[in-house]
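Novice: Below you'll find the structure I mean.
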């Protein structure tokens, strides 16, 4: 039996069913004047009810089968397909053949509607197939993100690219269905409109290029702490998709940054600090110039009792004893100042602090002097990157140095306030 014979047979069956339903409705007392409209409404309602029942039954059966498969195989992929509603989409396309077969019967008296309705049904099928494929792709992505190698990768941007490709493919198929023309015609039309398409999808194109470079160069991962002052972002990366990067700031606000900004603008990634296990801190104490002085031998003997200073003082005294003697001011060339001892104490203290990382840079150094005194900077790394712990360690160390500085007869510079000026006035004028 060839295709023409099949079409003739199908048309005969359709006519028989349509006439039988018409005779049945007339037998029920439906007026002949409006019989074709009544038949249309009745058949349409009947098909809708049957389709809904079929979809419900298929959904229940598929959910049962999928849940049983999860319990038996323990495959996370099947569980992800349930979460991504794959059984639901499969149930939606189940009655497709039934609906397509009933269209000639429903619209038997409205022949001009048959072809548009068949095309609409085919378009519906294309959309459902796209959603099914996307559900499978998302499920596959969920399985991948369980793997340690993919947990910090911007997988969502790649899935969005797949989604765009699927929609383009779907648009081509729908164009062919609606116009009856080949895909070549569609792409020819798109070529003419390429400039408009580039304008419409410029963010997606830039984002796709940006996400590829970000991933290839391992510039940013999910969970990285980044700082982008231009966008007011300072927090952890929560999501990287095709067009935007979602950053949760430390004040719990959300900042969204264009993906391509990660390659077009500068940003600071703190991953290196976190991977090293230590976080740097820099703090400077400004020492008043007029409190820095040379120490006498008696004072040096007193300072030898402080841990960490005896070896330094002894070594310096031995070194200076070998130097030629100088007269006048040059005789102070080989003398130790209280500032020297303060620096050495700072190094000793930090090297013996239990929360300082000894494998990273550790300095106590002088910065260029200025109108606010001589800055002595503490430059070192803690052995933790936890923010709260870091702040506690930092405050503990700074407080210790502020408290110990007076034992070296040094004074920390402070801006004068009204009360300071008043105290000086009282001392000078009240006897």
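We did not get these values from a lab; they are worked out from the coordinates using the rules stated. Given the structure is predicted, the values throughout are model-derived calculations rather than measurements. So basically every Cβ, Gly included, is an ideal-geometry build from the backbone, and we count neighbours across all protein chains shown.
Novice: Given the Cα-Cα distance of residue 304 and residue 212 and 0.36 nm per residue of separation, how much length would full extension add, in nm? Walk me through the intermediate numbers first.
Specialist: Working: separation 92, 0.36 × 92 = 33.12 nm, distance 6.14 nm.
Stretched fully, the residue 304-residue 212 segment lengthens by 27.0 nm.
Novice: With a point put 7 Å past each Cα toward its Cβ, work out how far residue 137 is from residue 52 in nm, to one decimal.
Specialist: That separation, rounded to one decimal, is 3.3 nm.
Novice: Follow-up. Please state the relative contact order of the stretch 218-271 as a whole percent: Cα pairs under 8 Å, 6+ residues apart? Working shown, then result.
Specialist: Values: 97 pairs, mean separation 17.8, N = 54.
Dividing the mean separation by the residue count of the stretch 218-271 yields 33 percent.
Novice: Measure off 7 Å from each Cα along the Cα-to-Cβ vector at residue 147 and residue 264, then give the distance between these two points in nanometres to one decimal.
Specialist: 3.3
Novice: Gain in length, residue 355 to residue 314, computed as 0.36 nm per residue apart minus the alpha-carbon separation, to one decimal in nm?
Specialist: Numbers: separation 41, 0.36 × 41 = 14.76 nm, distance 2.89 nm.
Extra length from residue 355 to residue 314 when fully extended: 11.9 nm.
Novice: For residue 366 and residue 73 in one chain, what is 0.36 nm times their gap in residues minus the Cα-Cα distance, to one decimal in nm? Kindly include the intermediate steps, with their values, before the conclusion.
Specialist: Numbers: separation 293, 0.36 × 293 = 105.48 nm, distance 6.70 nm.
Computed gain between residue 366 and residue 73 is 98.8 nm.
Novice: Something else about it: Please work out whether the stretch 218-271 counts as rounded, prolate or oblate from its C-alpha gyration tensor, where a ≥ b ≥ c are the square roots of the eigenvalues and a/c under 1.5 means rounded, while otherwise a/b larger than b/c means prolate and anything else oblate? Walk me through the intermediate numbers first.
Specialist: Details: a/c = 1.25, a/b = 1.21, b/c = 1.03.
It is rounded, given that a/c, with a ≥ b ≥ c, falls under 1.5.
Novice: Quick check: pseudo-label points 7 Å beyond the Cα along Cα→Cβ at residue 231 and residue 122, how many nm apart are they?
Specialist: 4.4
Novice: Pairs of Cα atoms under 8 Å, at least six residues apart: use those to get the relative contact order of the stretch 34-190, whole percent. Before the final figure, lay out the partial values.
Specialist: Details: 109 pairs, mean separation 34.6, N = 157.
With pairs under 8 Å counted, the relative contact order is 22 percent.
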